[in-house]
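Enquirer: Have a look at the structure that comes next, please.
The values are calculated or read from the model by the stated rules, or taken from the named source; none is laboratory data. All values derive from a computational prediction rather than experimental measurement. Backbone-built Cβ (ideal geometry, glycine too); neighbour counts: all protein chains shown. Note: accessible area is taken over every heavy atom of the protein model, side chains too, but ligands, DNA and RNA are not part of it. Shrake-Rupley method; radii C 1.70, N 1.55, O 1.52, S 1.80 Å.
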Amino acid sequence: MKPSATKEQVKEVVNMIKSSGLKADVSSGQFQTVIGIVGDEKKIDFDQVKSMPGVYDALRIQAPYRLISRSYISQDVIVKVKGVEMGEGCEPVYMAGPCSIENYEQLHRIGKKVKEAGAQILRGGAYKPRTSIHSFQGLGLEGLKILQAVGKDLDIPTITEVRSELDINNVAKYADMIQIGARNMYNQDLIEAAAKKNKPILFKRSFAAQIYEYLSFAERIVANGNKKIILCERGIQPLGGSFKSQTRFTLDLNAIPVLRKETPFPVIADPSHGTGRKDLIMPMSRSSIASGAHGLMIEVHDRPHEALSDANQAVQPEELARIIRVCNLIQKTISGSEGSFSSDFNGNGHS
Ligand code: PEP
Ligand code: MN
């Protein structure tokens, strides 16, 4: 729309899109309103749209993911969870805590330590995606209640994974942020149900997902009216996992700048699942921040011998504090320098 377009003119375009059986996404920026079409835009006569009052231009964006592309949203998106801001220009955000919520005492003890170490968001799984049915599957609803109670007691925002659509109401009710895990990146119904809760969503890349697939599924979150997305690179493996490696997965550092170039959303990395090894969390955290990540998700356990899941990749709270200190230093050194992401970005341009 033209900067001078009125609310009524915006509404008329939206109504026109809706009357063609499509959905409209309205993005109001500081100077201009941009209207995105969700669905098969071939149903729309672009010449007719161009001639409507208040319309500046009408164009087709060919990418399978348009609503999350920089061509559609030109400014970097800052996602807020309670008082914490994530994205370009913000301090790096650290989401830390145990892989699984085991009981109130455990989560409170670890939560207190990760907060003291500098983490701004507390993580903990209540619904665990597990390969084996014989492993600990998570405390479910009881875990969600513990998470909410600890978040309140320690005054820290919380994040937890939703594994099934059946649990989405409860996860949205008890947690401040919803995580969609690697195994569910392709689960359209779960993504759409979560998006509709209009809470911030941490959307993880699947193990063997191409970037265009990953972003095409992230598109569904915006198509359902939710722009509070944080993307997360959590490690990849070849289809079938036939490549024998020393690490659980391979943290794809390339993905971080690629995602940042393609989309305006915050991008974080998860070196815990990306490596599966506590001795590699520090180096891969450093590399992720240097690659342009806006934050990290890190699994922490102060008594790994008691941990009910992912003990091998859990760092101690003291190690988390060290990682945060070093990563903040790296981020400060890079930001504003000629080696910063925004200078790469402006230098190379993007499509
Ligand atoms: C997790 O964060 O606990 C988790 C299971 O992650 P992912 O979906 O990346 O495996
Ligand atoms: Mn885990």
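Enquirer: From the square roots a ≥ b ≥ c of the eigenvalues of the alpha-carbon gyration tensor of the range 203-351, which class results: rounded (a/c under 1.5), prolate (a/b over b/c), or oblate?
Expert: oblate
Enquirer: Also: Taking 8 Å as the Cα distance limit and 6 or more residues as the minimum spacing, I'd like the relative contact order of the range 198-351 as a percentage.
Expert: Dividing the mean separation by the residue count of the range 198-351 yields 18 percent.
Enquirer: Hey, what did the chain get for relative contact order, percent, Cα under 8 Å, at least 6 apart?
Expert: 16
Enquirer: Starting from the 7 Å offset along Cα-to-Cβ, what nm value, one decimal, do you get for the label separation of S287 and N169?
Expert: In this crude spin-label approximation the distance works out to 4.5 nm.
Enquirer: Between F31 and T333, 0.36 nm times their residue separation minus their Cα-Cα distance comes to what?
Expert: Taking 0.36 nm per residue and subtracting the Cα distance, the gain is 105.5 nm.
Enquirer: Now, a different point. Most mobile of K112, K145, K244 per a Gaussian network model of the chain (Cα springs, under 10 Å)?
Expert: Among K112, K145, K244, the largest GNM mean-square fluctuation belongs to K244.
Enquirer: For S51 and E192, what is the calculated FRET efficiency with R₀ set at 41 Å and r taken between the beta-carbons, to the nearest 0.05?
Expert: Computed FRET efficiency for S51 and E192: 0.75.
Enquirer: Is there a pair in K42/K80; K115/K197; K7/K261; K18/K197; K113/K196 whose C-alpha atoms are over 24 Å apart, and which pairs would that be?
Expert: Working: K42/K80 35 Å; K115/K197 27 Å; K7/K261 32 Å; K18/K197 22 Å; K113/K196 33 Å.
Table pairs above 24 Å Cα-Cα are K42/K80; K115/K197; K7/K261; K113/K196.
Enquirer: Which residues in the range 31-57 have a backbone N closer than 15 Å to a point placed 7 Å from the Cα of S74 along the Cα-to-Cβ line?
Expert: 31-36, 56-57
Enquirer: Continuing with the same structure: Find the relative contact order for the range 93-162 and round it to a whole percent, using C-alpha pairs within less than 8 Å whose residues are 6+ positions apart.
Expert: 37
Enquirer: Next up: Name the residue, out of A117, A58, A172, whose mean-square fluctuation peaks in a Gaussian network model built on the chain with Cα pairs under 10 Å.
Expert: A58
Enquirer: Quantify, in whole percent, the carbon and sulfur part of the accessible surface of the chain (1.4 Å probe; protein heavy atoms only).
Expert: 49
Enquirer: Kindly identify the range 35-130 as rounded, prolate or oblate by the Cα gyration tensor criterion: order the square roots of the eigenvalues as a ≥ b ≥ c, call it rounded if a/c is under 1.5, otherwise compare a/b with b/c, prolate if a/b is larger, else oblate.
Expert: Working: a/c = 4.62, a/b = 2.63, b/c = 1.76.
Because a/c hits 1.5 or more and a/b exceeds b/c, the range 35-130 counts as prolate.
Enquirer: So how long is each side of the range 98-224 along the principal axes, counting just the alpha-carbon atoms, biggest first, in Å?
Expert: Here the Cα extents, ordered largest to smallest, are 40, 33, 26 Å.
Enquirer: Here is a further query. Fully extended, how many nm does the chain gain between K82 and L239 (0.36 nm per residue separation, minus their Cα-Cα distance)?
Expert: Answer, rounded to one decimal: 52.7 nm.
Enquirer: Between S135 and L59, 0.36 nm times their residue separation minus their Cα-Cα distance comes to what?
Expert: Fully extending the segment from S135 to L59 adds 22.2 nm.
Enquirer: How many Å² of accessible area per residue for the chain, probe 1.4 Å?
Expert: For the chain, the solvent-accessible area averages 46 Å² per residue.
Enquirer: Moving to a separate point now. Per DSSP H run of at least 4 residues, take -39500 (n - 2.57); add these up for the chain, divide by its residues and hand me the 222 nm value, nearest 500 deg cm²/dmol.
Expert: Details: 12 runs with 123 residues, N = 351.
It comes out at -10500 deg cm²/dmol, rounded to the nearest 500.
Enquirer: Report the residue, chosen from R109, R66, R123, that carries the largest GNM mean-square fluctuation when the chain is represented by alpha-carbon nodes joined by springs under 10 Å.
Expert: In the Gaussian network model the winner is R109.
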